[in-house]
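*Asks:* This is the structure I want to talk about, given as C-alpha cells.
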Amino acid sequence: MCGIVGAVAQRDVSEILIEGLRRLEYRGYDSAGVAILNNAEIQRVRRLGKVKELADAVSESPAPGGIGIAHTRWATHGEPSEINAHPHVSGSDIAVVHNGIIENHEALKQQLSAKGYEFVSQTDTEVIAHLVADHFKQTNDLLKAVQLAVKELDGAYGTVVMHRDKPEELVVARSGSPLVVGKGIGEMFVASDQLALLPVTRQFLYLEEGEVARVERTCVEIYDVDGNSIDREFEESTVQHDAGDKGPYRHYMLKEIYEQPTAISNTLEGRIINGDINSEIFGVNASDIFDKVEAIQIVACGTSFHAAMVTKYWCESIANIPCHVEIASEYRYRVSYTPKNALFITISQSGETADTLAALRLAKEKGFMASLSICNVPGSSLVRESDLAFMTRAGAEIGVASTKAFTTQLTGLLMMVVCIAKQKGMAKEQVSQLVASIESIPGEIKHALEKDSLIEQMAEDFSEKHHSLFLGRGDQYPIAMEGALKLKEISYIHAEAYAAGELKHGPLALIDHEMPIVVVAPKNELLEKLKSNMEEVRARGGQLYVFADKQAAFKEESGVKVVSIDSDHDVTAPIIYTIPLQLLSYHVAVIKGTDVDQPRNLAKSVTVE
C-alpha cells in the first residue's frame, strides 16, 4: 500500500526522496508528494497520478534542502486528489506523511477544530499534523509532541513528522504499519520498505510496535510505548533489488513469470541435501515443534490464501495432519477453537499484511503451540514475531498480481509438509520420492513456459468477454481460484472459480456460448470425473479452454481448445499448472490494454484492514 521515504542529510535530498518513491511504485498508489525544508520554509509539492508527474513538478520548481519526507498515497479516507495527497501540514510549521488508518480521526478532528485548527482535506492523516502541532506548542520538543500525539491515536500508523524549527531531525512512530531506518555516512533515511533505500544504504534497523524514534544525521534515539530508551543495532541487508530493469520483457509481471524457475531454484538452494530436507531450515526448534504438531491452522489473504488451501490438501494427504485454512480478516473477528498442539501458520509475501499480522497476534493470545511464517521479506513484522520462519527467496516482486511469490510459497509449504511427515515417521523411500518431485519443479516450470505462444493465441478469444469460469478438482481447485483471481486482477474480466463437481449446483445456469470455461486437468484419480463435468459444460454450449496433462487424452475440437502441460508428479502439479493460468491472464490483459503491473484500485502490500 502507501509508500514512505524520508531523509536527513548534509546534501540535497530531493532526488533521493523521488527515487525512493519510484522504487515503491509497485505497492500501488494514486498520488504522490514531497515536502522539503528549504531555507527554514517547508516547500511542499503534490501531484495526482504517477511519481513521474511529481518528479516533473519538482524539476520545474526545485526544492533544495537536506531534510525532507515523501509519500505515495493509496486512497482510504477521501478520493484520490491533490488536496488529499501527502504530505499534510499544520500551518507552515509541521509536515507529516502517514501509512495506515486513524480510526478515531472524526473525534480528534472535532476536538482540534474547536481549538481553531483548520482542516482542508478529507483524510484522517491531517489530524496527526494538527495534533502534533498542538502538543509542540506546549513542549517545544518534536519527539515529546509525537509521543503525546500517538497516545491519542486509535488505529494503525507508520508516520514521519518534520518541523521547520527542527531542521536536524525527523521523528517517526510505528503502530501496525512498518517503518525502517537506514544509516548512511553522516546521514539517515527512513522508509516503509527497505527497497526504497537500497541505492543509498545497506544498514537498517526496524521499528517495533509502539516505538517512536528521533532520527538525526548521525544518530537514532528509539523509545518504547512507555518512553523507555531502546538500544538496537543496525543490520546489514542482503536483499537484492532486482526490479529496476524489465530487461527484454514488456512488463514486470511477464519478467516475474519467467523468473520462476530461478526463483524456485533459489528457494531450494541449500535446503535439500543428498535427497533430504532438514527441518531446521524452518528454525532452530522446528524439529521439536513438528514432532509435537497434532493440528495446523493457516491464515492468509488473497493469493497467499490460495497457497494455504493447496497446503491443506498436502497436510492431510501426505502428513495425515488435520489442517484448517481461513482468510485472516475473517479469523480475527470470530470466536474460534484452538486445537491441542496446533501450529499456527501465516503466509504473506510482504510480511506486513495487516489482517494476517493481527491474526498472528491473536493466535498468541489463544495459546497455539507455536507459529510459523512463510514470507519473502527478511526482517518483516511477521518474520520477527513468529517462532519459526521460512524465507521464500522469490526476490523483489514488482507486479501487483503475484506470480513468483505464489509458487515459491507453495514450494516452501510443500517442503514443510514433507518435514512434518518425516517427523511423524514417513518411510525414507517415500520421503526421497517427494523430495525428488520437489527438485523437479524448476525444470517442469521451464517446460510449461514453452507453451507461452499457444496460450497467447488462446487469449485472443477472451478479448471481448465479460465473464469466465475456472474449474478444478482436488488440489487443483485452489489453483483454479488463483487463475480466476489473476484474470480479474489485471484484465478486469469478472472471473469465478468452482470445484468442478459443484457445476450442477448452480453455476450451470450461467453457461452459454459466450462463457469461456477454463479447466485445469492433470492426470490423477479425479480426471474421469472432471471429464464428466466438462461434458456438462459442452452440452450447454460453453467454450472450454483446457490445460491438460499430455497423457489425459484430450482432443481439440469444436468448442474445446487444449494446451498440453508436462507434469510428472501429482504432488507438485498445482505449482506447475499455475504457470499457464498466469500466462493466460497476462496475455488477456495485454490484449485489453489494461495496466498490467499496476491494475486499478489495487495495492501490492495491504497494510491496512
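The values are calculated or read from the model by the stated rules, or taken from the named source; none is laboratory data. The structure displayed is predicted, hence computed values, not measured ones. Cβ placement follows ideal geometry from the backbone for every residue including glycine, while neighbour counts extend to all protein chains displayed.
*Asks:* Quick check on the range 442-472: of everything there that is crowded, with 18+ Cβ neighbours inside 10 Å, hydrophobic (A, V, I, L, M, F, W, C) and in contact with a strand residue (DSSP E or B) (Cβ under 7 Å, 6 or more places away or on another chain), which residue is farthest from G412 (Cα to Cα)?
*Replies:* Looking at the filtered set, the residue picked out is F462.
*Asks:* Within the range 354-369, identify whether any single residue is buried (at least 21 other Cβ atoms within 10 Å of the Cβ), of a type in the set (G, A, S) and at pLDDT below 90, and answer yes or no.
*Replies:* Within the range 354-369, one or more residues are buried (at least 21 other Cβ atoms within 10 Å of the Cβ), of a type in the set (G, A, S) and at pLDDT below 90.
*Asks:* In the range 91-102, which residue that is part of a loop (DSSP other than H, G, I, E, B) and in contact (Cβ under 8 Å) with a residue 60 or more places away in the chain is surrounded by the most Cβ atoms within 10 Å (Cβ to Cβ)?
*Replies:* D93
*Asks:* Next question. Mind counting the residues in the range 39-87 that are within 26 Å of I185 (Cα to Cα), of a type in the set (D, E, K, R) and either touching a strand residue (DSSP E or B) at 6+ places or on another chain (Cβ under 7 Å) or not assigned by the TED database to the domain that holds D165 (or both)?
*Replies:* Residues flagged as within 26 Å of I185 (Cα to Cα), of a type in the set (D, E, K, R) and either touching a strand residue (DSSP E or B) at 6+ places or on another chain (Cβ under 7 Å) or not assigned by the TED database to the domain that holds D165 (or both) within the range 39-87 amount to 0.
*Asks:* Can you name every residue in the range 392-425 that is modelled with pLDDT of 95 or more and not in a helix (DSSP H, G or I)?
*Replies:* Answer for the range 392-425, where residues must be modelled with pLDDT of 95 or more and not in a helix (DSSP H, G or I): just T403.
*Asks:* I've got another one for you. Collect the residues in the range 29-64 that are without any contact (Cβ under 8 Å) to a residue 60 or more places away in the chain and aliphatic (A, V, I, L, M), keeping them in residue-number order.
*Replies:* Within the range 29-64, A32, V34, I36, V45, L48, V51, L54, A55, A57, V58, A63 qualify.
*Asks:* Of everything in the range 499-544, what is farther than 22 Å from V310 by Cα, crowded, with 18+ Cβ neighbours inside 10 Å and either at pLDDT 75 or above or of a type in the set (G, A, S) (or both)? Give them in sequence order.
*Replies:* Matches in the range 499-544: I511, M515, P516, G542, Q543, L544.
*Asks:* A further question on this structure: Could you list, in sequence order, all residues of the range 191-238 that are acidic (D, E) and not in a strand (DSSP E or B)?
*Replies:* Once the filter is applied, which keeps residues that are acidic (D, E) and not in a strand (DSSP E or B), the range 191-238 yields D193, E208, E209, E211, D224, D226, D231, E233.
*Asks:* Another question, then. Got a number for residues in the range 370-382 being surrounded by fewer than 21 Cβ atoms within 10 Å (Cβ to Cβ) and within 14 Å of the chain's Cα centre (by Cα)?
*Replies:* Number of matching residues: 1.
*Asks:* Please identify the pairs in which a residue from the range 245-273 that is in the same structural domain as F406 (by the TED database) has its Cβ atom under 6 Å from the Cβ atom of a residue that is among the polar types (S, T, N, Q) and in a loop (DSSP other than H, G, I, E, B), counting only partners at least 6 apart or on another chain.
*Replies:* Going by the 6 Å Cβ cut-off, the qualifying pairs are E256/T403; I257/T403; T267/T392.
*Asks:* Looking at the range 65-76, is at least one residue over 23 Å from I490 (Cβ atoms) and either of a type in the set (D, E, K, R) or at pLDDT below 90 (or both)?
*Replies:* no
*Asks:* Any chance the range 8-18 includes a residue that's under 30 Å from the mean Cα position of the chain (by Cα), assigned by the TED database to the domain that holds N99, of a type in the set (V, I, T) and outside any helix (DSSP H, G or I)?
*Replies:* Among the residues of the range 8-18, at least one is under 30 Å from the mean Cα position of the chain (by Cα), assigned by the TED database to the domain that holds N99, of a type in the set (V, I, T) and outside any helix (DSSP H, G or I), which makes the answer yes.
*Asks:* Condition first: among the polar types (S, T, N, Q), assigned to a loop (DSSP other than H, G, I, E, B) and in contact (Cβ under 8 Å) with a residue 60 or more places away in the chain. Now tell me which residues in the range 66-88 satisfy that.
*Replies:* Listed by number, the list holds a single entry, T76.
*Asks:* Shifting gears a bit: Six or more apart or on different chains, Cβ atoms under 6 Å: show the pairs whose first residue is in the range 381-405 and assigned by the TED database to the domain that holds M481 and whose second is in a loop (DSSP other than H, G, I, E, B) and at pLDDT below 90.
*Replies:* Note: no pairs meet the criteria.
*Asks:* From the set of residues in the range 260-280 that are surrounded by 20 or more Cβ atoms within 10 Å (Cβ to Cβ), under 25 Å from the mean Cα position of the chain (by Cα) and among the β-branched types (V, I, T), which is farthest from C375 (Cα to Cα)?
*Replies:* Filtering first and then ranking leaves I264.
*Asks:* Let me ask something else about it. Take the conditions touching a Ser or Thr at 6+ places or on another chain (Cβ under 8 Å), buried (at least 20 other Cβ atoms within 10 Å of the Cβ) and on the phi < 0 side of the Ramachandran plot and apply them to A173. Does it pass?
*Replies:* It is true that A173 is touching a Ser or Thr at 6+ places or on another chain (Cβ under 8 Å), buried (at least 20 other Cβ atoms within 10 Å of the Cβ) and on the phi < 0 side of the Ramachandran plot.
*Asks:* Any idea which of H88, H77 is crowded, with 22+ Cβ neighbours inside 10 Å and within 31 Å of the chain's Cα centre (by Cα)?
*Replies:* None of the others qualify; the one that does is H88.
*Asks:* Residue check: is S402 surrounded by 24 or more Cβ atoms within 10 Å (Cβ to Cβ), polar (S, T, N, Q) and under 23 Å from A295 (Cα atoms)?
*Replies:* No: the conditions fail for S402.
*Asks:* Can I ask one more? Could you tell me how many of the residues in the range 113-133 are surrounded by fewer than 19 Cβ atoms within 10 Å (Cβ to Cβ) and of a type in the set (D, E, K, R)?
*Replies:* 2
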